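The values are calculated or read from the model by the stated rules, or taken from the named source; none is laboratory data. Just so you know, these numbers come straight off a predicted model, no measurement behind them. Please note: Cβ atoms are built from the backbone with ideal geometry, for glycine as well, and neighbour counts cover all protein chains shown. Just the protein is used for accessible areas: all its heavy atoms, side chains included, with ligands, DNA and RNA removed. Shrake-Rupley method; radii C 1.70, N 1.55, O 1.52, S 1.80 Å.
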Amino acid sequence: MELTRRNMMVLSSAALAASSIGVLPAMASLADEQIAELTGGAEMVEGELSISAPEIAENGNTVPIDISAPGAVMVAVFADGNPTPAVATFKFGPLAASHDASTRIRLAATQNVIAIAQMQDGTFQRASAEVKVTIGGCGG
Amino acid sequence: MRTKTSMRLGVGLAAASVFAMAACADPDDDQLVVNEEIEMITEAAAPDHMERVRTIYSGWRFRSDETQAVQMDDFDNPAMIWVDAAAEVWETADGTEGNSCASCHESVDSMEGVRAVYPKWNEAAGEVRTLEMQVNDCRENQMGAEPWKYDGGDMTNMVALISSVSRGLPVNVAIDGPAQSTWEQGKDLYYTRFGQLELSCANCHEDSYGLHIRSDHLSQGQINGFPTYRLKNTKLNSVHSRFKGCIRDTRAHTFAPGSPEFVALELYVASRGNGLSVEGPSVRN
Amino acid sequence: MATGVKPRVKVPKTASAGEAVTIKTLISHKMESGQRKDDDGNIIPRSIINRFTADFNGQNVIDVTLEPAISTNPFFEFEAIVAETGTFTFTWYDDDGSVYEETKEIEVS
C-alpha cells in the first residue's frame with residue numbers, strides 16, 4: 001500500500017480503534033530486550049507477583065502503581081511504551097514486612113506496565129497491567 | 001433545569017468518546033474526607049442567583065478514583081510540600097518593619113474562615129479584594145516588603161497555606177451591597193464568548209459539565225479547591241493562572257493575573273460555589 | 001544542582017514489637033527526565049533522584065533504583081517490621097551527587 005496521507009489516517013484510526021477495545025499493536029521490543037537482559041532469557045512464570053495500576057490514567061505524568069511480590073528479592077518495573085522502558089527496581093531488605101510497594105510513575109502513552117520479579121530460588125515471575133493514558137483536554 | 005449542548009469535537013472520535021461518556025458522564029457519588037477527619041461538602045443546592053444549574057459539585061467529584069485519593073491524605077497530597085514551605089515564610093520577618101505574618105496574625109490558625117469569604121469588599125480601599133491582593137497589602141504596608149508576583153510561587157504557596165486552615169468550611173462570598181457591581185461585571189465576563197473558538201466559561205462549565213472535552217471530564221469549573229496541585233504540571237496553580245489558561249485555550253488574548261477583570265470573575269465564580277467546602281489545596285488532573 | 005529539595009516521611013511514632021508499620025516518603029524534586037527540550041529546542045539534561053533507601057537500626061528495609069519514569073516529587077509507600085525501639089534512616093541520592101537524609105524515631109513496646 002502506498003503511504004499517502006489518507007492511508008496514514010486510515011491506519012492511525014485503525015490503531016486508535018484497536019487501542020480503544022483493549023488490543024495493543026505489537027511493539028515494545030526495547031522493553032523485551034531489557035527484560036531478557038535482566039532474566040538472562042530465563043523462562044518466566046505467573047505466580048503471586050502482581051502489579052496494579054489504573055485502567056485509565058487521567059494524566060500520564062502521575063500514574064499510581066502498586067506491586068506485590070511475596071517471596072521476591074527484587075522486582076524490576078518496565079513501561080513498554082516509554083522512550084526508556086526502565087521505571088524502577090525494588091530490592092527488599094531483611095526488615096521489609098511485606099514485599100509490597102507503591103509509587104507514582106510517568107507513562108508517555110497507553111501501554112503495558114510490566115513487573116519482573118526475581119524469586120529467592122533464582123526463578124523469575126512476570127505480571128503486567130495495561131494503562132490507557134488519556135491525552136487530556138484542559139484539565140478542569 | 002440545565003440543558004446539555006453536546007459538543008461534537010472530532011467526529012472521527014465519536015465512537016470512542018461515546019463509550020467514555022457512557023462509562024462516567026456525571027459526577028460520581030464518592031465522599032471526600034481528608035485525613036479521615038475533614039468532611040468536605042462536594043455537592044450542594046445551587047445558590048439562588050444561579051438560574052440554570054440546580055446542584056453544584058466540587059471538581060473533585062469529576063476526577064478518577066486515583067486522582068481523588070491523592071487529595072484524601074495530606075501526606076499523599078504533594079501540595080503540602082508548598083504549604084509547609086509557606087508555613088516557614090509565615091514565621092519569617094521580611095521588609096523594613098521587621099515583621100513576619102506571625103507578628104500581627106500569630107498562628108496561621110487565626111486565618112481560619114478567611115479563604116471562605118474571599119474575594120471580599122474592602123471598605124477602606126473601596127474595592128473588592130482577593131486574598132492575593134490582601135497578602136500584598138500586608139507585605140507593602142505592614143511589613144515594608146516587596147509585593148509578590150500575583151500568581152508567583154511565593155504568593156500561591158501562601159494562599160494555599162491560608163486556605164488549608166479553612167478546609168471543610170463552606171464557601172460564602174458576599175455578592176450584594178458594595179460588592180454587587182464587581183459581581184455583575186464578573187457575571188458578564190462569565191457569559192462572554194472569547195477567542196477564535198468563541199467559548200464562554202458557561203459553554204464548558206455550565207452547559208457541558210459532565211461531558212468530555214477530548215478525553216477530559218468537564219467539571220463545573222468551581223474554584224473552591226484552589227490553589228490546586230495539578231498532575232499535569234506537578235505544582236500549585238492559582239485561580240487566576242487557571243482563568244488565564246482557560247481563556248488562552250479559547251484562542252483569545254487573555255487578561256493578566258490580578259487584573260480587575262479576573263478579580264471580578266473570581267468573585268462571580270467563587271459565588272457559584274457558595275455552599276461547597278473550601279478544599280484548597282486540592283488535587284486535580 | 002537541584003534546588004528546593006525537601007524530604008518528607010511519615011512513620012508511626014509507636015508500634016508493638018514485630019508489628020508491620022506502613023511508611024510513606026515524598027521528596028520534592030523535579031525529576032528532569034532528559035527527554036524534554038527547552039524553548040530553544042535543546043535537550044534539558046537529565047537530573048533525577050536515582051536511588052532511595054530506607055534502613056532501620058542499620059538493617060535495610062527497601063532499596064529502590066529510580067529511573068526518569070518516576071514522577072516529579074517521588075513518592076514511595078512500603079511496610080517495615082520493627083522488633084525494637086530505634087531509628088529509621090531514609091536516604092535519597094541525586095544525579096548531581098547530593099545526598100538527602102531524613103531520620104525518624106519509633107518507640108516499640
(message) Counting protein heavy atoms only and a 1.4 angstrom probe, how many square angstrom of accessible surface do chains A and C bury in total, to the nearest 100?
(response) 2200 Å²
(message) A drop of at least 30 square angstrom in accessible area, chain alone versus all protein chains together, probe 1.4 Å. Which residues of segment B:266-285 meet that?
(response) B:Asn285
(request) Using label points projected 7 Å from each Cα along Cα→Cβ, tell me how many nm separate B:Glu91 and B:Asp65, to one decimal. (result) 4.0 nm
(request) Identify which of B:Gly153, B:Gly177, B:Gly95 has the largest mean-square fluctuation in a Gaussian network model of chain B, with springs joining Cα atoms closer than 10 Å. (result) B:Gly177
(request) For segment B:205-248, calculate the relative contact order in percent as a whole number, restricting contacts to Cα pairs under 8 Å that are 6 or more residues apart. (result) 22 percent
(message) Please give me, ordered by residue number, the GluC sites (Glu not before Pro) of segment B:169-227 that lie in loop per DSSP and have at most 13 other Cβ atoms within 10 Å.
(response) B:Glu198
(message) For the pairs B:Lys232/C:Lys10; A:Lys132/B:Lys244; B:Lys187/B:Lys232; B:Lys149/C:Lys24; C:Lys24/C:Lys104, flag any whose C-alpha to C-alpha distance is greater than 23 Å.
(response) B:Lys232/C:Lys10; A:Lys132/B:Lys244; B:Lys187/B:Lys232; B:Lys149/C:Lys24
(request) Assuming 1.306 mPa s and 10 °C, estimate D for chain B with Stokes-Einstein, Rh taken as the Kirkwood radius over Cα pairs, in µm²/s. (result) 82 µm²/s
(request) Would you work out if the protein assembly as shown is rounded, prolate or oblate? Take a ≥ b ≥ c from the square roots of the eigenvalues of the alpha-carbon gyration tensor; rounded if a/c is under 1.5, else prolate when a/b is larger than b/c, oblate otherwise. (result) oblate
(request) State the Cα centre-to-centre distance between segment A:45-106 and segment B:87-118 in whole Å. (result) 42 Å
(request) Go through B:Lys120, C:Lys30 and list them by solvent-accessible area, largest first, probe radius 1.4 Å. (result) C:Lys30, B:Lys120
(request) First compute the accessible area of segment B:217-281 with a 1.4 Å probe, then give the percent of it belonging to carbon and sulfur atoms. (result) 54 percent
(request) Among the aspartates and glutamates, select those whose C-alpha is under 15 Å from the C-alpha of C:Lys6, and discard any that sit fewer than 8 residues away in the same chain. (result) B:Asp76, B:Asp84, B:Glu88, C:Asp94, C:Glu101, C:Glu102
(message) Just to confirm, what accessible area per residue do you get for the protein assembly as shown at 1.4 Å probe, in whole Å²?
(response) 46 Å²
(request) Specify the inter-centroid distance of segment B:234-267 and segment C:1-55, based on alpha-carbon positions, in whole Å. (result) 31 Å
(request) Any chance you could give the angle, 0 to 90 degrees and rounded to 10, that helix B:180-190 forms with the longest Cα principal axis of chain B? (result) 40 degrees
(request) Given the options B:Ala93, B:Ala69, B:Ala124, state which has the largest fluctuation in a GNM of chain B using a 10 Å cut-off (strictly under) for Cα springs. (result) B:Ala124
(message) For Cα pairs less than 8 Å apart in space and 6+ apart in sequence, what is the mean separation divided by the residue count of chain C, i.e. the relative contact order in percent?
(response) 32 percent
(message) Excluding ligands, DNA and RNA, what is the accessible area buried between chains A and B, summed over both sides, using a 1.4 Å probe, to the nearest 100 Å²?
(response) 1700 Å²
